[in-house]
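K.L.:
Just passing along the structure, written as structure tokens.
The values are calculated or read from the model by the stated rules, or taken from the named source; none is laboratory data. The shown structure was predicted, so the numbers you read here are calculated from the model rather than taken from an experiment. Cβ: placed from backbone, ideal geometry, glycine included. Neighbour counts: every protein chain shown.
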Amino acid sequence: MGFPSDVGVIDLMLGIPEGSKKEWYGFLRAGLMDDESKAMEFPAQYMFKDVPQDMDADADPVAVVLGEMDHFGIERAMLGVSFARATSTRAVTEHPDRFFASYEVNPNLGMQAVRDLVKAYETLGIKAASAFPAGMTPQVPINDKRFYPIYAKCIELDIPICITTGVPGPRVPMLCQKTELLDEVCWFFPELKIVMRHGAEPWDALAVKLMLKWPNLYYSTSAFAPRYYPPTIIDFANSRGADKVMYAGYFPMGLSLERIFSELPHVPLKDDVWPKFLRHNAVRVFNLETS
């Protein structure tokens, strides 16, 4: 059978641009030291080829993204939202059958971060929190005490947190994102559902070990072209990890959906794993059945 064409894909990382890429990634500028990175439109641009261009200023970005989703069989997608992103919040509000939201937290704000997370849950119906430890100023390690009130609140709200782990693409220090730091968090918060983002490389083998160890630790394939999915992750998905690995893209940040869906059929997943990878695991982990 191979890659299914009618599964109703759920994409766990898709964006609707608000302004240019340079504006979109403005939050990272304070942490960049080298001149080349400061000049890039997209701070990890050196890692990607054929980065999608900014959308036409006259186009409705929500309509454009919905058209792309329809073309490639994406039934629903998770958008990162904030109270400053009017277009993304409009997409979630106007098209709840197509979009659901994650809210990016900033542990440096203390209890305000917790209050903002609750507000996003109550007003936008978010299905997850998200965090980019290396992109914060100052950076916040995955196991830092500043994260703990947020982790506790995610448990209370029964939502996962999606955390970037592994060497970051932007040229900022990596120490705060070492995959081993997840072990302590999973130990102290066994009820917390954690979804790894952005590869966990070069610690992908460790990521597999930790997923075997901790029941509520998961993996998503965000920011990787399918041809570069770590073989250790694919092997895991084809065996004991069939319920642990989920599809996430990276459009329009660094990858086009055309590239992703032209490469996906060549990923060597087993026939019975494909529906779980593309849809069913996300439905379960993000509580989408009640949407």
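K.L.:
Return a yes/no flag: does the stretch 168-188 have any residue that is within 24 Å of Gly31 (Cβ to Cβ), acidic (Asp, Glu) and touching a Phe, Trp or Tyr at 6+ places or on another chain (Cβ under 9 Å).
P.N.:
Yes: one or more hits.
K.L.:
Another question about this same structure. List the residue pairs whose Cβ atoms are under 6 Å apart, where the first residue sits in the stretch 227-252 and is closer than 20 Å to Gly166 by Cα and in contact (Cβ under 8 Å) with a residue 12 or more places away in the chain, the second is part of a loop (DSSP other than H, G, I, E, B) and not hydroxyl-bearing (Ser, Thr, Tyr), and the two are 6 or more positions apart or on different chains.
P.N.:
Ala237/Val273; Tyr250/Ala223
K.L.:
Another question about this same structure. Cβ-Cβ distance below 7 Å, separation of 6 or more or different chains: which pairs start in the stretch 49-65 with a residue that is touching a residue at least 12 places away in the same chain (Cβ under 8 Å) and end on one that is assigned to a helix (DSSP H, G or I) and small (Gly, Ala, Ser)?
P.N.:
Correct list of pairs: Val62/Ala91.
K.L.:
From the list Ser222, Ser239, which one is assigned to a loop (DSSP other than H, G, I, E, B) and over 15 Å from the mean Cα position of the chain (by Cα)?
P.N.:
Sole residue among the options that is assigned to a loop (DSSP other than H, G, I, E, B) and over 15 Å from the mean Cα position of the chain (by Cα): Ser239.
K.L.:
Same structure again: Select, from Arg284, Arg259, the only residue that is part of a helix (DSSP H, G or I) and over 17 Å from the mean Cα position of the chain (by Cα).
P.N.:
Arg259
K.L.:
Inside the stretch 30-69, can you point out the residues that are of a type outside the set (D, E, K, R), assigned to a helix (DSSP H, G or I) and buried (at least 17 other Cβ atoms within 10 Å of the Cβ)?
P.N.:
Gly31, Ser37, Gln45, Pro61, Val62, Val65, Leu66, Met69
K.L.:
Give Leu206, Leu157, Leu210 a once-over and let me know the one that is over 30 Å from Pro268 (Cβ atoms) and touching a residue at least 12 places away in the same chain (Cβ under 8 Å).
P.N.:
Values: Leu206 fails: over 30 Å from Pro268 (Cβ atoms); Leu210 fails: over 30 Å from Pro268 (Cβ atoms).
Only one candidate qualifies: Leu157.
K.L.:
Then there's this: Only one of these is more than 29 Å from Ile16 (Cβ to Cβ), charged (D, E, K, R), out of contact with any Cys (no Cβ under 6 Å at 6 or more places or on another chain) and buried (at least 19 other Cβ atoms within 10 Å of the Cβ): Asp204, Asp243, Asp235, Asp183. Name it.
P.N.:
None of the others qualify; the one that does is Asp204.
K.L.:
Next up: Among the residues of the stretch 162-174, is any at pLDDT 95 or above, assigned to a helix (DSSP H, G or I) and either surrounded by fewer than 23 Cβ atoms within 10 Å (Cβ to Cβ) or among the hydrophobic types (A, V, I, L, M, F, W, C) (or both)?
P.N.:
Within the stretch 162-174 (the criterion being at pLDDT 95 or above, assigned to a helix (DSSP H, G or I) and either surrounded by fewer than 23 Cβ atoms within 10 Å (Cβ to Cβ) or among the hydrophobic types (A, V, I, L, M, F, W, C) (or both)), the answer is no, since none of the residues qualifies.
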